[in-house]
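S.K.: One structure, pasted below without further comment.
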Amino acid sequence: MSEHELLTLQSAHIQELQRRYERALADHGYDSVLIASGAAPYRYRDDQTYVFQGFGPFLHWTGLAGQEHSWLLIRPGHKPVLWLFQPVDFWHASPDLPAEPWQEAMEVRSRQQAGAPELANTGRLAVLGDPQVLEGVPGDHNPSALVAATEETRVHKTCYEIECLAHANRVALKGHKAAREAFLAGGSEFGISLAYQQATGQREALAPYHSIIGLNEHAGTLHYQYYEGQVPRQHRSLLIDAGVRYRGYCSDITRTVVAPGEPRFAALVHGLEQLQLRLCEMVVPGMDYVEIHRKTHQGIAALLSASGLVTGLSDDAMVAQGITRAFFPHGIGHFLGIQVHDVAGKPTPPPEDAPFLRLTRTLEEGMVVTIEPGLYFIPSLLGPMLAGPQRRYLAEDLINDLKGCGGIRIEDNVAVTASGARNLTRELA
């Protein structure tokens, strides 16, 4: 899609948000809503701030992830008013705002003060944002019913949002390719991280989340957070979970790479990828997302049986006895959008058999979800089984060997269409 076509879609996106917000305001008895972009808080007893990426509703309208101390006013029947914080400052540069058509749909103003603008004729006003930023601002702060209604406006993505997510996937895939090459060339976790950033052209601080880059046994820590600078004695596996932010929208992709000489682990990776592709095909309107999660456990059971990791039990018995949960402890995925784990995914709590599932809704056109099955060798989860009565079903020697490979996760970003799904991650893979 050309940049001109994307910018045209953005103008339509803002018009659609205006309609959605007008309905939300009317439903909850408000005449206007003021949204704060937020500001990075200072570390305790320090003059340095944390990394800033912006408040979700502000990004939903503007896509301006790095714009601190800015404000957006929404009123029915009026153009949105956007106040951008652009101080005269010789310490820091103010972000440039390139001229784009979406600005014609808003009244854009520049201001040098960090606080909220003075408002008139707003009627009953709601104010949304970080409570620390809203201190002293008139209006009802973060009313829960309106907050829930605005989060619901993010569930069904506009065409503009889906194209931004698709672009974020395309850029991230360049990084994943570079990371794979760096791993096969014998790189460290830190070196692989640099290769990913170089290929995507996005600093780690600007990425939608801290990339997970785990070699060997580190791949068995689900949110492994370090980048080891030393090259391991032997390369066995790489798990990289990394995305890109584009115009505020996030990609969230995971791939597992196997080093030469690991045929058993390679077979598991291949088997999990085949399962993952089948699960992606289940993403259709009307599908209960919880059912996709449960089908994942059936697939993990079949893979454990086929690989010889578990013997003497049926697939159903493996699931019923919790064996599959020891190998696959997390949920199958989540909503994706302005936030990596986008909002409004759990109108009902997750079921007891899926306590970590972040999405419990029936799928509908316009939703964007991740599908990310995993199979891990985590000592803290497998240890109790190997010490208990289920030990007789587990191939302990094989498990102990594969612990050195850590684990596998394969994750795509999938948009629900009118008739099925669009896999944004595999369009150019």
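S.K.: Taking Pro351 as the residue in question, decide whether it is without any contact (Cβ under 8 Å) to a residue 60 or more places away in the chain, closer than 29 Å to Gly420 by Cβ and assigned to a loop (DSSP other than H, G, I, E, B).
M.R.: no
S.K.: Let me ask something else about it. Would you point out which residue out of Gly56, Gly38 is under 23 Å from Gly366 (Cα atoms) and of a type in the set (Gly, Ala, Ser)?
M.R.: Gly56
S.K.: Is at least one residue of segment 41-52 within 25 Å of the chain's Cα centre (by Cα), of a type outside the set (Phe, Trp, Tyr) and surrounded by 21 or more Cβ atoms within 10 Å (Cβ to Cβ)?
M.R.: No, segment 41-52 contains no residue that is within 25 Å of the chain's Cα centre (by Cα), of a type outside the set (Phe, Trp, Tyr) and surrounded by 21 or more Cβ atoms within 10 Å (Cβ to Cβ).
S.K.: Only one of Lys177, Lys157 is without any contact (Cβ under 8 Å) to a residue 60 or more places away in the chain, farther than 30 Å from Leu381 by Cα and basic (Lys, Arg). Can you tell me which?
M.R.: Selected residue: Lys177, the only one of Lys177, Lys157 that is without any contact (Cβ under 8 Å) to a residue 60 or more places away in the chain, farther than 30 Å from Leu381 by Cα and basic (Lys, Arg).
S.K.: Something else about it: Taking Ala317, is it free of Cβ contacts under 8 Å to residues at least 12 places away in the same chain and either out of contact with any Ser or Thr (no Cβ under 9 Å at 6 or more places or on another chain) or open to solvent by 20 Å² or more (accessible area, probe 1.4 Å) (or both)?
M.R.: In short, yes.
S.K.: Leu304 - would you say it is over 12 Å from Ile408 (Cβ atoms) and either under 18 Å from the mean Cα position of the chain (by Cα) or not in a loop (DSSP other than H, G, I, E, B) (or both)?
M.R.: Against the criterion (over 12 Å from Ile408 (Cβ atoms) and either under 18 Å from the mean Cα position of the chain (by Cα) or not in a loop (DSSP other than H, G, I, E, B) (or both)), Leu304 qualifies.
S.K.: Taking the residues in segment 388-421 that are in a helix (DSSP H, G or I) and among the polar types (S, T, N, Q) as candidates, determine which candidate is nearest to Phe265 (Cα to Cα).
M.R.: Asn400
S.K.: Test each condition in (1) of a type outside the set (Gly, Ala, Ser); (2) loosely packed, with under 15 Cβ neighbours inside 10 Å; (3) closer than 26 Å to Glu5 by Cα; (4) touching a helix residue (DSSP H, G or I) at 6+ places or on another chain (Cβ under 6 Å) for His78 and report the one that comes out false.
M.R.: Unmet condition: (4).
S.K.: Tally the residues that are among the β-branched types (Val, Ile, Thr) and over 18 Å from Arg247 (Cβ atoms), restricting the search to segment 120-171.
M.R.: 7
S.K.: What residue, of Ala116, Ala148, Ala120, is out of contact with any Gly (no Cβ under 6 Å at 6 or more places or on another chain), farther than 17 Å from Leu64 by Cα and surrounded by 18 or more Cβ atoms within 10 Å (Cβ to Cβ)?
M.R.: After ruling out the rest, the residue left standing is Ala116.
S.K.: Another question, if that's okay. So which residues in segment 1-30 are within 21 Å of Pro131 (Cα to Cα) and either without any contact (Cβ under 8 Å) to a residue 60 or more places away in the chain or not in a helix (DSSP H, G or I) (or both)?
M.R.: Listed by number, the residues that qualify are His28, Tyr30.
S.K.: Please list, ordered by first then second residue, the pairs with beta carbon atoms under 8 Å, 6 or more apart or interchain, first in segment 87-112 and within 18 Å of Leu17 (Cα to Cα), second open to solvent by 80 Å² or more (accessible area, probe 1.4 Å).
M.R.: Ala105/Gln15; Ala105/Lys79; Met106/Lys79; Glu107/Lys79
S.K.: Something else now. List, please: which pairs have Cβ atoms under 9 Å, are six or more places apart or on different chains, and start with a residue in segment 401-429 that is touching a residue at least 24 places away in the same chain (Cβ under 8 Å) and under 20 Å from Ile212 (Cβ atoms) and end with one that is open to solvent by 10 Å² or more (accessible area, probe 1.4 Å) and of a type in the set (Phe, Trp, Tyr)?
M.R.: Gly406/Tyr224
S.K.: I need the full set of residues from segment 321-375 which are in contact with a Ser or Thr (Cβ under 8 Å, 6 or more places away or on another chain), surrounded by fewer than 23 Cβ atoms within 10 Å (Cβ to Cβ) and within 28 Å of Thr311 (Cβ to Cβ), in order please.
M.R.: Glu372, the sole residue that qualifies.
S.K.: While we're looking at this one, here's another question. Within segment 273-301, which residues are open to solvent by 40 Å² or more (accessible area, probe 1.4 Å) and among the polar types (S, T, N, Q)?
M.R.: Passing the criteria: Gln274, Gln298.
S.K.: If you don't mind, there's one more thing I want to ask. Tell me whether segment 307-328 contains one or more residues that are under 10 Å from Pro373 (Cβ atoms) and among the small types (Gly, Ala, Ser).
M.R.: No, the conditions are met nowhere in segment 307-328.
S.K.: Only one of Asn413, Asn423 is open to solvent by less than 10 Å² (accessible area, probe 1.4 Å) and polar (S, T, N, Q); which?
M.R.: The conditions single out Asn413.
S.K.: Condition first: hydrophobic (A, V, I, L, M, F, W, C) and at positive phi. Now tell me which residues in segment 314-356 satisfy that.
M.R.: Hit for segment 314-356 is Ala344, nothing else.
S.K.: Can you pull out every residue in segment 157-185 that is open to solvent by 30 Å² or more (accessible area, probe 1.4 Å) and not in a helix (DSSP H, G or I)?
M.R.: Of everything in segment 157-185, just one residue is open to solvent by 30 Å² or more (accessible area, probe 1.4 Å) and not in a helix (DSSP H, G or I), namely Ala185.
The values are calculated or read from the model by the stated rules, or taken from the named source; none is laboratory data. Keep in mind it's a predicted model, so treat the numbers as computed, not measured. Quick reminder, even Gly has a Cβ in these numbers, built from the backbone with ideal geometry, and neighbours come from all protein chains shown. All accessible areas refer to the heavy atoms of the entire protein, side chains included, with ligands and DNA or RNA removed. Shrake-Rupley method; radii C 1.70, N 1.55, O 1.52, S 1.80 Å.
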